[in-house]
Amino acid sequence: MIHDGSVGQPPYASAVPDPTTPSGAPDGVDASILVPVYNEERYIERSVATMRRQRFDGELEFVFADGGSTDRTREILDALAAADSRIRVFENPNRSVSSGLNVALRHARGRWVVRMDAHTEFPDDYVALGVRRLSKGDTRWVSGPQMPKGVGRVSRAVSLALGTPLGRGGSRKWGERGDPTDAEWDLDTGVFDGVWQRETLLEYGGWDERWPRNEDSEMAARFLARGERLVCLAAMGADYAPRDSFRGLWQQYLGYGEYRTKTAARHPETVRPSQLLPPAIVLTAVFACCGPRRARVAARAGLAAYIAGLGAAGAGALSKADPKSEALLVPGALAVMHFAHGAGMLIGAVRHAPPLAALASLAGASSLAQSLRQGEQAVHAPSLH
């Protein structure tokens, strides 16, 4: 059944099986790890190695959906699959992350499903911790914090940038090494991967393929709309490798911004005030260059304050930078992230729909916000069916 995210309390009372014993699932699979990939030859072998190290009291399978990689990703995966029958590789003809996840979910045989990414190294007990937490019954989505770990000069600078308030914004999905491992907290739509029961994802209709970016946040909005809790466990923190070029970082955040706007238009209640800062920075820069005289003066003052903030963030990153010279790249990394995300949000308002209901809600005009809400739509997930 496909659900459109309408409000309603989820049936937590359905019994969650004991995660400490194999489930007797069809084909002997207890948990399926879903991995969409595209041109990941640099990371894929290391990522698969970390996935195969999972300590879980049950049978695992690793379901990859390849979006037509043009490098050696598919060749490497096929070789790994030939050596390990738990690895299964499928085509993702629509090539987006959301369609790849739905392809993998369609072929998944386990009672539990786990999303993992090729750019990330997960702790060895990620699956076991997630399944154990789900068994308590007060949540149906468990994840861990995203912990940036650079793999190159620019990537390390981006990791430093993501350790600053200007890099994280108001999101709680980011983690720090040294956090108490028994800590947990609730998330909003800022989520990173996760563990679910397979039937839960099927109940929600899978990932909406109209979101090639920001797909987890869009799904999280549907969970939250029905009163679900999204729980983040510090012990499930995973090392994430940021992009190692400013060009790649720009393209990544441009896409994030565009589909953040689309999510805001579809789910206006999910918008945080901090999410409006990137487009505000872009517009301030535009007015500083070519606005009316008075507006230009005010915009330039605002832009100067922003640049000072970037410099302060770079100075604050010096203590963590190794070598210290990489802290010099932090202001540039933050600027790329902010301007790309802001430009993407403005592009999204033009290509999709401006988030008028979200803006009205943030302004305190709840009646207007309600009248501006878009009508409910069913999840679009052709790759799942």
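A short reminder: the numbers here are calculations on the coordinates, not readings from a lab. Please read all numbers here as calculations on a predicted model, not as lab measurements. Every residue, glycine as well, gets a Cβ built from its backbone with ideal geometry; the counts of neighbours run over all protein chains shown.
Observations
- Normalised by 2.2 N^0.38 Å, where N counts its residues, the alpha-carbon radius of gyration of the chain equals 1.01.
- Whole-number D in µm²/s for the range 264-375 (Stokes-Einstein; Kirkwood sum over Cα pairs; 37 °C, 0.692 mPa s): 206 µm²/s
- Label-zone membership for the range 151-169, site Asp322, 7 angstrom Cα→C-beta point, backbone N under 19 Å: 151-164
- With the Kirkwood sum run over all distinct C-alpha pairs, the range 29-244 has a hydrodynamic radius of 17.4 Å.
- Table column - 3J(HN,Hα) (Hz), the range 116-131, Karplus curve with 6.51, -1.76, 1.60, x for Gly and Pro: 10, 10, 5, 8, 10, 10, 9, x, 5, 10, 4, 5, 4, 5, x, 5
- Part-to-part distance (alpha-carbon centres) for the range 26-67 and the range 75-93, which is given in Å: 10 Å
- Bridge orientation summary for the chain: considering DSSP beta bridges with both residues in this region, about 30 percent are antiparallel.
- GNM top mover of Ser361, Ser85, Ser99 - the chain, alpha-carbon springs below 10 Å: Ser85
- Only beta bridges with both residues in the range 29-244 are counted; by DSSP, about 30 percent of them are antiparallel.
- For the range 130-204, trypsin sites (Lys or Arg not before Pro) are listed when DSSP marks them as loop and at most 13 other Cβ atoms sit within 10 Å of their Cβ; the list is Lys136, Arg177.
- Crossing angle, helix 293-316 versus the chain [Cα axis fit, 0-90 degrees, rounded to tens]: 50 degrees
- Under a Gaussian network description of the chain, with springs only between Cα atoms under 10 Å, the residue in Pro279, Pro323, Pro93 that fluctuates furthest is Pro323.
- Lys pairs under 27 Å by Cα in the chain, provided they are eight or more residues apart or on distinct chains: 7
- Estimated [θ] at 222 nm from DSSP helical runs (n ≥ 4, -39500 (n - 2.57)) normalised by residues in the chain, nearest 500: -13000 deg cm²/dmol
- The chain: relative contact order as a whole-number percent, Cα under 8 Å and 6+ apart: 21 percent
- Spatially, the range 191-223 and the range 146-189 are offset by 22 Å when compared through their Cα centroids.
- The longest stretch of the chain left intact once loop-based GluC sites (Glu not before Pro) with at most 15 other Cβ atoms within 10 Å are removed from consideration, loops following DSSP, is 177-375.
- Residue with peak Gaussian network fluctuation, the chain [Cα springs, cutoff 10 Å], from Asn214, Asn39, Asn92: Asn39
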